[in-house]
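The values are calculated or read from the model by the stated rules, or taken from the named source; none is laboratory data. Given the structure is predicted, the values throughout are model-derived calculations rather than measurements. Note that we place each Cβ from the backbone using ideal geometry, even for glycine, and neighbour counts take in every protein chain shown. Just so you know, the surface numbers come from the protein's heavy atoms only, side chains and all, with ligands and any DNA or RNA stripped out. Shrake-Rupley method; radii C 1.70, N 1.55, O 1.52, S 1.80 Å.
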Amino acid sequence: MRKEYLYTPGPVAVPPEVLLKLAEPMYHHRSKRFQTVFSEVNEKLKQVFRTKNDIITFTASGTGAMEAAVVNFLSPGDKVITINGGKFGERWVGLAKAYGLAQHEVKITWGTAPDPEEIGKLLAADSSIKAVYTQLVETSTGTLYDVQALGAVVAKTPAIFVVDAISGMGADDLPVDAWQVDVCVVGSQKALMIPPGLSFMSVSEKAWAMAEKATLPKYYFDARKARKLLAKNDTPYTPAHTLIGALNVSLDMILKEGIEAVVARHARLAAAVRAGVAALNLPLYSKRPANALTAVETPGMDAEVIKKELDKDGILVAGGQDEAKGKIIRIAMMGYANEADVMIALAGLEQVLQRVGYAFTPGAGVAAAQASLLKG
Ligand SMILES: *Cc1c(COP(=O)(O)O)cnc(C)c1O
């Protein structure tokens with residue numbers, strides 16, 4: 001028999017209430033029923049994003065909303081800053097290239113976060129920069145960026161501030177309006193606890209004003225077209241309305257707990273994972289670790305082997321990508337996760353470490369995690 005525990009940084013485990021919603025018979029999307037669900041979801045999304053801005057829903061994975069966050073606000077040749085500290089920063093770089101933007105790429109060492117002061121200096125030196133693209137959590141390295149400080153810097157300029165919070169929203173703190181984020185993109189299969197297939201983009205008035213003049217080509221991801229229909233709780237094309245129905249359930253769970261309490265739970269679980277791996281003498285890969293996931297180094301061992309051994313026991317974590325491949329495993333306590341999940345992940349990891357002959361005191365990681373959780 002195989003029983004699985006999904007601790008990958010997306011997709012994440014989906015709560016039974018949400019799975020049951022997905023089992024309902026099909027209905028038609030051009031209907032009052034869908035409009036009611038969509039209007040509820042749009043209101044709840046705003047509470048989770050902590051924004052007054054419109055939030056556009058796309059039927060696409062997170063990268064679709066990232067593409068929308070480029071094509072809707074810029075014109076060919078426009079200058080942008082892209083922050084690249086891992087695989088997802090690279091994605092902004094790739095999008096800017098694909099659309100012929102003039103790009104100042106700020107490349108930072110994997111596992112570190114960008115320096116807001118440096119971004120401020122770049123913006124001060126060139127007032128023609130139209131946008132700054134970054135992540136909240138760089139999922140490939142488990143690093144949390146200082147979005148609040150970056151937002152304060154960008155808000156003083158004509159540029160818009162665009163944040164990929166696909167893995168961060170609902171796990172790490174991001175009050176969109178308070179932190180002056182103009183465009184925030186989020187995906188459905190991370191802390192929002194539903195399957196892949198939807199992505200979301202909040203848009204500030206500053207960004208909508210840029211959208212009026214933006215001439216990059218777009219069709220499916222045209223946010224102005226979507227905004228017009230959003231006012232009527234409708235969408236330009238067939239929405240993944242069953243996923244939107246599922247989201248209505250998962251957002252209820254999030255808002256019942258309270259968005260701040262949800263973030264605090266993620267902080268508590270991540271702190272316990274960090275305490276656990278520290279007690280096993282496994283260093284953190286990130287200098288500024290996120291709540292959403294923990295990137296753990298496996299010195300003297302091939303991390304891919306550790307990942308495969310965990311998989312044999314039904315515990316699913318992610319490995320490293322590119323330069324981090326073979327060096328790290330990434331453990332996500334994201335979305336539908338509680339204290340017991342931390343115990344399972346760490347006890348499972350200890351079991352595997354014993355199998356591969358790593359020297360440590362069995363139980364030390366679990367005990368440290370428990371101590372961390374007991375502190376609150
Ligand atoms: C998961 C993730 C994405 C999304 O990619 P898709 O596979 O297109 O859903 C983008 N950015 C970050 C930071 C992510 O964690």
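Consider only pairs whose beta carbons are under 8 Å apart and that are at least six residues apart or on different chains; among these, list those whose first residue lies in segment 1-28 and is under 25 Å from ILE329 (Cβ atoms) and whose second residue is within 15 Å of the ligand (Cβ to nearest atom) and open to solvent by 60 Å² or more (accessible area, probe 1.4 Å).
GLY10/PRO196; PRO11/PRO196; VAL12/LEU6; ALA13/LEU6
Can you run down the residue pairs with Cβ atoms below 8 Å, 6 or more apart or on separate chains, where the first is in segment 178-201 and in the same structural domain as LEU22 (by TED's automatic domain parsing) and the partner is away from the ligand (no atom under 11 Å from the Cβ) and of a type in the set (D, E, K, R)?
So the pair list comes out as ALA178/ARG50; ASP182/LYS206.
Here is a list: THR141, THR157. Which entry is among the hydroxyl-bearing types (Ser, Thr, Tyr), assigned to a loop (DSSP other than H, G, I, E, B) and surrounded by fewer than 22 Cβ atoms within 10 Å (Cβ to Cβ)? Lay out the reasoning, then the answer.
On the way: THR141 fails: surrounded by fewer than 22 Cβ atoms within 10 Å (Cβ to Cβ).
That would be THR157, the only listed residue that is among the hydroxyl-bearing types (Ser, Thr, Tyr), assigned to a loop (DSSP other than H, G, I, E, B) and surrounded by fewer than 22 Cβ atoms within 10 Å (Cβ to Cβ).
Condition check ((1) over 21 Å from ALA290 (Cα atoms); (2) free of Cβ contacts under 8 Å to residues at least 24 places away in the same chain; (3) hydrophobic (A, V, I, L, M, F, W, C)) across all residues:
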site	(1), (2), (3)
ASP54	yes, no, no
SER61	yes, no, no
GLY64	yes, no, no
SER75	yes, no, no
VAL80	yes, no, yes
GLN103	yes, no, no
THR109	no, no, no
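Being within 16 Å of the ligand (Cβ to nearest atom), modelled with pLDDT of 95 or more and either more than 22 Å from the chain's Cα centre (by Cα) or open to solvent by less than 20 Å² (accessible area, probe 1.4 Å) (or both) is true for just one of VAL203, VAL186. Which residue is that?
Values: VAL203 fails: within 16 Å of the ligand (Cβ to nearest atom).
Step by step, each of VAL203, VAL186 is checked, and only VAL186 is within 16 Å of the ligand (Cβ to nearest atom), modelled with pLDDT of 95 or more and either more than 22 Å from the chain's Cα centre (by Cα) or open to solvent by less than 20 Å² (accessible area, probe 1.4 Å) (or both).
More than 18 Å from VAL48 (Cβ to Cβ), under 23 Å from the mean Cα position of the chain (by Cα) and open to solvent by 30 Å² or more (accessible area, probe 1.4 Å), is that true of ARG288?
Values: more than 18 Å from VAL48 (Cβ to Cβ): yes; under 23 Å from the mean Cα position of the chain (by Cα): yes; open to solvent by 30 Å² or more (accessible area, probe 1.4 Å): yes.
Yes; evaluated as a whole, the condition is true for this residue.
Tell me whether segment 123-139 contains one or more residues that are at pLDDT 95 or above, touching a strand residue (DSSP E or B) at 6+ places or on another chain (Cβ under 7 Å), more than 16 Å from the ligand (Cβ to nearest atom) and hydroxyl-bearing (Ser, Thr, Tyr).
yes
Out of segment 47-68, which residues are within 21 Å of VAL263 (Cα to Cα) and either within 12 Å of the ligand (Cβ to nearest atom) or among the basic types (Lys, Arg) (or both)?
Across segment 47-68, the qualifying residues are ARG50, LYS52, GLY62.
Hey, does segment 236-244 have a residue that's more than 16 Å from the ligand (Cβ to nearest atom) and within 21 Å of the chain's Cα centre (by Cα)?
We begin by selecting, within segment 236-244, every residue more than 16 Å from the ligand (Cβ to nearest atom); these are 236-239, 241-242, 244.
From what is left, the residues that are within 21 Å of the chain's Cα centre (by Cα) are 244.
Yes: segment 236-244 contains one or more residues that are more than 16 Å from the ligand (Cβ to nearest atom) and within 21 Å of the chain's Cα centre (by Cα).
Going by the structure shown, is ILE83 away from the ligand (no atom under 15 Å from the Cβ) and assigned by TED's automatic domain parsing to the domain that holds THR235? Spell out the reasoning first.
Values: away from the ligand (no atom under 15 Å from the Cβ): no; assigned by TED's automatic domain parsing to the domain that holds THR235: yes.
Spelling it out, it is not the case that ILE83 is away from the ligand (no atom under 15 Å from the Cβ) and assigned by TED's automatic domain parsing to the domain that holds THR235.
With the requirement that a residue be in a helix (DSSP H, G or I) and within 11 Å of the ligand (Cβ to nearest atom), what does segment 144-154 give you? Reasoning before the result, please.
Step one: filter segment 144-154 for residues in a helix (DSSP H, G or I), giving 147-154.
Hits for segment 144-154: nothing passes.
Give me the residue from segment 43-89 that is more than 23 Å from GLY245 (Cα to Cα) and of a type in the set (Asp, Glu) and, out of that set, nearest to the chain's Cα centre (by Cα).
Only one residue fits best here, namely GLU67.
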